[in-house]
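These notes are about the structure you will find just below.
The values are calculated or read from the model by the stated rules, or taken from the named source; none is laboratory data. Just so we're clear, the structure is a prediction, and the values are computed from it rather than from any experiment.
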Amino acid sequence: METITKARKIGGSIAVIVPEEVVKKENIKPNDMVKIDIVREDDLSFLWGKLKSIKMSTQEIMEIIDEGEKD
């Protein structure tokens, strides 16, 4: 199961919290061994509101994205 969570500093280490819905779905208990595939997600929040000048509908943008995935 894939989820996105925020890394937090705890002492000299970095920790990640496994969200409750993942814990329940995967039946994770304290002291269970879990395998975590680490992939850093870029923070694109700085883009929020910056693309207002685009004069395309969401549907048009999605069609362009779909065309790119076919290549």
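Out of all the residues in the range 33-65, which are more than 20 Å from the chain's Cα centre (by Cα) and either modelled with pLDDT under 80 or among the charged types (D, E, K, R) (or both)? Give the derivation first.
Our first condition is that a residue be more than 20 Å from the chain's Cα centre (by Cα); within the range 33-65, this holds for 33, 50-61, 63-64.
Listed by number, the residues that qualify are Lys50, Leu51, Lys52, Ser53, Ile54, Lys55, Glu60, Glu63.
Mind listing whichever residues of the range 39-67 are among the aromatic types (Phe, Trp, Tyr) and assigned to a helix (DSSP H, G or I)? Give the derivation first.
Of the range 39-67, the ones among the aromatic types (Phe, Trp, Tyr) are 46, 48.
Phe46, the sole residue that qualifies.
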